Amino acid sequence: NAGVTQTPKFQVLKTGQSMTLQCAQDMNHEYMSWYRQDPGMGLRLIHYSVGAGITDQGEVPNGYNVSRSTTEDFPLRLLSAAPSQTSVYFCASRTGLSYEQYFGPGTRLTVT
Amino acid sequence: AQSVTQLGSHVSVSEGALVLLRCNYSSSVPPYLFWYVQYPNQGLQLLLKYTSAATLVKGINGFEAEFKKSETSFHLTKPSAHMSDAAEYFCAVSDQGYSTLTFGKGTMLLVSP
């Protein structure tokens, strides 16, 4: 059981570039979420999904897209990267039976 | 909407002293509450959770927290701090649909010898 995996671990982008942050879980969890962590701000919810084919926006969705075609994968797309998107991104998942969220190791993104 | 307030962005204690990290929440539904710990350059690890069972919750590494509905609080305590407890701690409350979490801004715990 690998749990929640995220790739890449580190990424540097130039303003305007696009990229996809990958998130996968092998626990058959229905719920998956993306958070961003910034100093002094805690973690803020970007998008989440309650099952394959169902996504919704969180607190800070602008500039990000998601889709959920399978239970296992929940990629986060940056359409046109901006310096304000420099952050650490965490993916999380949980089963519908437990309220504990399992977090991935994070992706540290720098936009120059 | 749910919200979490963590009092004190930094808390300093001496090794062996009591650790008290404060968390107050607001929620429009019966809350589920969590404490997570983050060591430098690592992900988040669940310390403990309250999901409407016992109000005093025991977690890993000797930490515990008490849910007090009248005070809308869920403070984290540990009787005796260890150097290895130095980390950032986050309190979180479940959202109305219980599918995601709202986090506080975090408290950095510093432990001195």
Per the 1/(1 + (r/R0)^6) rule, R0 = 25 Å and r from the Cβ atoms of A:D26 and A:R77, FRET efficiency to 0.05 is 0.70
In nm, the gap between the two label points placed 7 Å beyond Cα toward Cβ at B:K68 and A:F10 is 4.5 nm
Expressed as a whole-number percentage, the relative contact order of chain A with C-alpha contacts under 8 angstrom and at least six residues apart is 36 percent
The number of Lys pairs in the protein assembly as shown whose alpha carbons lie under 21 Å apart, excluding pairs fewer than 8 residues apart on one chain, is 12
Answer in debye to the nearest 20: the dipole magnitude of the range A:15-93 about its Cα centre, from +1 Lys/Arg and -1 Asp/Glu charges placed on Cβ, is 240 debye
So, with points 7 Å from each Cα along the Cβ direction, the A:N62-A:T110 label distance in nm works out to 2.6 nm
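Coordinate-derived values only; no laboratory data. Just so it is clear, the model here is predicted, and its values are computed rather than measured. Methodologically, a virtual Cβ is constructed for each residue, glycine included, from the backbone with ideal geometry; neighbour enumeration extends over all protein chains shown.
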